[in-house]
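Step one of this worksheet: look at the structure below.
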Amino acid sequence: VVVIIGIVAAIAIPNLLSSRRASNEAAAIASLRTITGAEATYKSANPNFGTLTELNSEGLIDDIIGCAAPPCTKTGYVYNVVPVAGNPNFHWDGTAVPQIASGFGATGFRFFYTNESVVIFANLGSVPTVDGTRNVSNGTPIGD
């Protein structure tokens, strides 16, 4: 009986962890979509884009993602938003990074990035990067 339980556990646990990672990644994408909408709303009433704390104080995102003391974590991912001043436009960069990115207990394998373009990019191993012209490299756009 113990051997059978061990075999069943050996099969079930990796599948459970894989499902949890997929769920965490889907939640990260959904949270970044919420942040992009919140940034658009915030910018319509302010001269620049907001930080996670500012978005939360306006009631545009929840208290977990918009925590008062970053880093802000939710469902295995760490979120960050940085307003970027530029002339003539202002921009923002948003990321969702797995708390644990490798190994048996990984909370996610994909790293996510978005900005004022409202496109979410994913990459394995590191956050997609953006250059001075706001072009994103080493990232694959996430489809709707």
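The values are calculated or read from the model by the stated rules, or taken from the named source; none is laboratory data. Note that this is a predicted model, so its numbers are computed, not measured. Reconstructed Cβ throughout: ideal geometry from the backbone, glycine too, with neighbour counts over all protein chains shown. We work out accessible area using only protein heavy atoms, side chains counted, and drop any ligands, DNA or RNA first. Shrake-Rupley method; radii C 1.70, N 1.55, O 1.52, S 1.80 Å.
Whenever a residue of segment 1-15 is at positive phi, it has no partner that is exposed (fewer than 10 other Cβ atoms within 10 Å of the Cβ) and in a helix (DSSP H, G or I) lying with C-beta atoms less than 6 angstrom away and at least six residues away or across chains. Being in contact (Cβ under 8 Å) with a residue 24 or more places away in the chain, in contact with an Asp or Glu (Cβ under 7 Å, 6 or more places away or on another chain) and open to solvent by 70 Å² or more (accessible area, probe 1.4 Å) is a property that holds for Arg110.
Check whether at least one residue in segment 101-109 is among the small types (Gly, Ala, Ser) and under 10 Å from the mean Cα position of the chain (by Cα), and report yes or no. Among the residues of segment 101-109, not one is among the small types (Gly, Ala, Ser) and under 10 Å from the mean Cα position of the chain (by Cα), which makes the answer no. Looking only at segment 46-62, decide whether some residue is out of contact with any Gly (no Cβ under 8 Å at 6 or more places or on another chain) and in contact (Cβ under 8 Å) with a residue 60 or more places away in the chain. Yes, segment 46-62 has at least one match. Note on segment 123-144: residues that are free of Cβ contacts under 8 Å to residues at least 40 places away in the same chain and in contact with a strand residue (DSSP E or B) (Cβ under 8 Å, 6 or more places away or on another chain) amount to 15.
The sole residue among Gly143, Gly94, Gly66 that is surrounded by 14 or more Cβ atoms within 10 Å (Cβ to Cβ), within 16 Å of the chain's Cα centre (by Cα) and either among the aromatic types (Phe, Trp, Tyr) or in a loop (DSSP other than H, G, I, E, B) (or both) is Gly66.
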